[in-house]
Each structure stands twice: as structure tokens, then as C-alpha cells.
1. Considering each of Asn77, Asn129, Asn47 in turn, give the residue that is under 18 Å from the mean Cα position of the chain (by Cα), assigned to a loop (DSSP other than H, G, I, E, B) and surrounded by fewer than 18 Cβ atoms within 10 Å (Cβ to Cβ).
2. Name the residue, out of Val82, Val71, Val86, Val63, that is out of contact with any Phe, Trp or Tyr (no Cβ under 9 Å at 6 or more places or on another chain), of a type in the set (Val, Ile, Thr) and at negative phi.
3. Could you tell me whether Asn84 is surrounded by 14 or more Cβ atoms within 10 Å (Cβ to Cβ) and under 13 Å from the mean Cα position of the chain (by Cα)?
4. Restricting to region 39-62, and then to whatever is of a type in the set (Lys, Arg) and in contact with a strand residue (DSSP E or B) (Cβ under 8 Å, 6 or more places away or on another chain), can you tell me which residue is modelled with the lowest pLDDT?
5. Yes or no: region 94-111 includes at least one residue that is within 14 Å of the chain's Cα centre (by Cα) and in a loop (DSSP other than H, G, I, E, B).
6. Taking Glu72 as the residue in question, decide whether it is without any contact (Cβ under 8 Å) to a residue 24 or more places away in the chain, in contact with a helix residue (DSSP H, G or I) (Cβ under 7 Å, 6 or more places away or on another chain) and outside any strand (DSSP E or B).
7. Pull up region 1-22, narrow it to residues that are surrounded by 11 or more Cβ atoms within 10 Å (Cβ to Cβ) and polar (S, T, N, Q), then point me to the one that is modelled with the lowest pLDDT.
Amino acid sequence: LINQCKQLDISIYTTNENIEELLNNSDIIIDSIFGFSFKGLPREPYNNIIKLLSKSTKPVLSVDIPSGWDVELGDINNTGFVPNAVISLTVPKLCMKGYKGKHYVGGRFVPPYIADEFSLVLPKYQGTNQVIP
């Protein structure tokens with residue numbers, strides 16, 4: 001993901017200095033602080049960043065699941081963070097079951113055996129396209 005952002009000339013911030021100012025000066029915020037394997041309570045500085053994300057007036061897109069959420073049970077830590085949109089990689093996670101925002105699925109990455117096992121009906125992508133026109 002970092003390499004793709006660099007190739008697309010998308011700014012990446014790796015410090016929490018002036019994080020509130022950085023968020024306020026952004027057009028859109030990509031949340032990929034934690035992955036789906038994260039467990040436990042978020043510690044500082046991440047807890048504070050998640051609080052800022054939950055209060056942001058800018059659109060927030062979470063990758064796979066919202067940071068701070070449990071992959072199966074959702075926001076069990078009561079972070080209050082609910083992004084505007086989520087893009088699930090491979091398949092939606094259980095925690096997304098009651099999610100009301102926009103939800104995209106990166107289905108291109110679903111191996112055929114998983115699609116068969118879970119009876120997933122996936123669109124046909126042409127060639128190496130990542131989206132369907």
C-alpha cells in the first residue's frame with residue numbers, strides 16, 4: 001500500500017506531530033492504522049488518532065476494518081469511530097455486518113476456492129482490471 005501511494009504521489013505521514021492539523025488539511029483520510037489481526041485496546045498515540053478520526057469532518061475510508069475494531073465483534077472498545085466508507089480486502093469481515101456506511105469489497109483478490117467454499121458471486125474482471133467499468 002505504501003509503494004502504491006508513493007507511485008501515485010499521495011502524501012504519507014509517519015509522525016503524530018501536528019496530526020490534527022494534517023487531518024484538517026486533508027481532502028480524504030485513509031485509515032489503515034491497524035489490520036484485522038489487531039487485538040486489545042489501542043494505546044497512545046493511536047488511541048488519540050482514532051478519537052480524531054471519529055470527530056473528523058473529512059471523509060474517512062478504512063482499509064479492511066476500522067482501526068480499533070475487533071474483526072468479529074466490531075467496536076467492542078467503544079472508540080466511537082465509524083468511518084464514512086470501508087474497503088474490505090478479499091471478503092467482508094464479521095464486524096462489518098451492521099455497518100451502515102459505504103462498503104466496497106476488493107473481490108478481485110478472492111481465490112476461487114474461497115469463492116466456491118462460501119458461495120460468493122463475484123463479478124468478472126477483464127484482464128488485469130481492478131475495477132469493473
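1. On the way: Asn129 fails: under 18 Å from the mean Cα position of the chain (by Cα); Asn47 fails: assigned to a loop (DSSP other than H, G, I, E, B).
Asn77 is the lone residue from the list that is under 18 Å from the mean Cα position of the chain (by Cα), assigned to a loop (DSSP other than H, G, I, E, B) and surrounded by fewer than 18 Cβ atoms within 10 Å (Cβ to Cβ).
2. Numbers: Val82 fails: out of contact with any Phe, Trp or Tyr (no Cβ under 9 Å at 6 or more places or on another chain); Val71 fails: out of contact with any Phe, Trp or Tyr (no Cβ under 9 Å at 6 or more places or on another chain); Val86 fails: out of contact with any Phe, Trp or Tyr (no Cβ under 9 Å at 6 or more places or on another chain).
After applying the criteria, what remains is Val63.
3. Answer is yes for this residue.
4. Taking region 39-62 first, the residues of a type in the set (Lys, Arg) are 39, 43, 51, 55, 58.
Restricting the remaining residues to those that are in contact with a strand residue (DSSP E or B) (Cβ under 8 Å, 6 or more places away or on another chain) gives 39, 58.
Details: Lys39: 88, Lys58: 96.
Per the stated criteria, the residue is Lys39.
5. yes
6. Numbers: without any contact (Cβ under 8 Å) to a residue 24 or more places away in the chain: yes; in contact with a helix residue (DSSP H, G or I) (Cβ under 7 Å, 6 or more places away or on another chain): yes; outside any strand (DSSP E or B): yes.
In short, yes.
7. Asn16
The values are calculated or read from the model by the stated rules, or taken from the named source; none is laboratory data. It should be emphasised that the depicted structure is a prediction, and the values quoted were computed from it without experimental measurement. Reconstructed Cβ throughout: ideal geometry from the backbone, glycine too, with neighbour counts over all protein chains shown.
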